[in-house]
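A short write-up of the structure that comes next.
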Amino acid sequence: MKDKKGYIDMHSHLLWGVDDGAKTEDESLYYLHDLKCQGVDTAVLTPHMNSPYILGGCADEETLRRRFAELKDVCEKDSEKYPKLILGSEYHYDIRCDKNYRGGSDTLYTIEPADFHPITMGQTDWVLLELPWDISMFDLLITLKSVARAGYRAILAHPEKCITIEYEVLKSSFMSKLRKYYGRKIYVQNEAWDIANNYEMARWFVKNKITTVIGTDSHGEHRPPVFNKAVQRLDEIVEDKDYLSAILSKNAETILKCVK
Ligand SMILES: [Fe+2]
């Protein structure tokens, strides 16, 4: 895969000053250039919209869209140096918690379709859904069905970090049960860092061909992108090179072309 170009990073916090990711425009540009050097031609910027983990809350949508337009403009003027930028977002599974939600219980509320107007992945009908580390099968199913009822489709963000999934996966049952009860394909984004560091759960998703796309989840200086290291590791563990190509770019291309 050494000569492969055109990777798509489906998850990052490199839009500066809107969440716990990059803090300045310089920091954004530094790591976006880093991504480009790693072979990433398209980066979907996915700021937290309602994370319970961010002190001070997340930026309002207007600020976020304005800052994205400014950053995109800078990158488009030097496309040799920077990847193409697409605006997405990351929603905590409890989508009804607002941008100032600061924790407490992770009680699930079903989404009222009329109340849900997400910033989607590149103006498609896809939303990136962050799961709490201990989400139950029941909560996840309700969330997926609620998102579907609102007219959207979910990509699960780095489910390898969820200990409940890990526990069930060790019994090889969580994902198959989820598919069965949900009745549709499950779309999964696994994290480049987890793959690069040979994290067992990330390997499990890849080896069982459950991974749909890869994202760095880079937070800038706090968590630099390691897309190229993940590619090297994937090249070692994935025998089916068509599948490898799919998760590095083709699946993301298909998702991003699906305009709502
Ligand atoms: Fe994230």
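Things to note:
- Each residue in the stretch 188-198 was checked for being surrounded by fewer than 24 Cβ atoms within 10 Å (Cβ to Cβ) and either among the hydrophobic types (A, V, I, L, M, F, W, C) or within 16 Å of the ligand (Cβ to nearest atom) (or both), and 4 of them qualify.
- Taking the stretch 200-239 as the range and being more than 16 Å from the ligand (Cβ to nearest atom), over 23 Å from L256 (Cα atoms) and of a type outside the set (D, E, K, R) as the test, the residues that pass are M201, W204, N208, Q232, I237, V238.
- The set of residues in the stretch 213-256 that are of a type in the set (D, E), within 17 Å of N197 (Cβ to Cβ) and under 18 Å from the mean Cα position of the chain (by Cα) contains only D217.
- The stretch 1-24 - residue that is modelled with pLDDT under 95 and closer than 30 Å to K241 by Cα and, of those, nearest to the ligand (Cβ to nearest atom): G6
Here's the yes/no breakdown for (1) farther than 27 Å from K145 by Cβ; (2) at pLDDT below 95:
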| residue | (1), (2) |
| --- | --- |
| D26 | yes, no |
| H48 | no, yes |
| L64 | yes, yes |
| K81 | yes, no |
| K84 | yes, no |
| Y109 | no, yes |
| H117 | no, yes |
| L129 | no, yes |
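- Considering the stretch 141-207, the qualifying helices (runs of 4 or more DSSP H), each wholly inside and each with 1 or more residues that are of a type in the set (G, A, S) and over 21 Å from S249 (Cβ atoms), run over 174-182.
- Residues being surrounded by 15 or more Cβ atoms within 10 Å (Cβ to Cβ), closer than 28 Å to R153 by Cβ and touching an Asp or Glu at 6+ places or on another chain (Cβ under 9 Å) - total across the stretch 214-245: 11
- All positions within the stretch 16-49 that are surrounded by fewer than 22 Cβ atoms within 10 Å (Cβ to Cβ), in a loop (DSSP other than H, G, I, E, B) and not hydroxyl-bearing (S, T, Y): G17, D20, K23, Q38, G39
- Only one of the listed residues (L234, L178) is in contact with a helix residue (DSSP H, G or I) (Cβ under 9 Å, 6 or more places away or on another chain), hydrophobic (A, V, I, L, M, F, W, C) and modelled with pLDDT of 95 or more. That residue is L234.
- The one condition in (1) within 25 Å of F138 (Cβ to Cβ); (2) assigned to a strand (DSSP E or B) that I214 fails to fulfil: (1)
- Residue check for D41: within 16 Å of the ligand (Cβ to nearest atom) and more than 14 Å from the chain's Cα centre (by Cα): no
- Tabulated pairs, the stretch 118-136, first outside any loop (DSSP other than H, G, I, E, B), second modelled with pLDDT under 90 and more than 14 Å from the ligand (Cβ to nearest atom), C-beta under 6 angstrom, 6+ apart or interchain: T124/C258; T124/V259; T124/K260; V127/P118
The values are calculated or read from the model by the stated rules, or taken from the named source; none is laboratory data. Given the structure is predicted, the values throughout are model-derived calculations rather than measurements. Cβ sites come from the backbone with ideal geometry, for glycine too, and all protein chains shown count toward neighbours.
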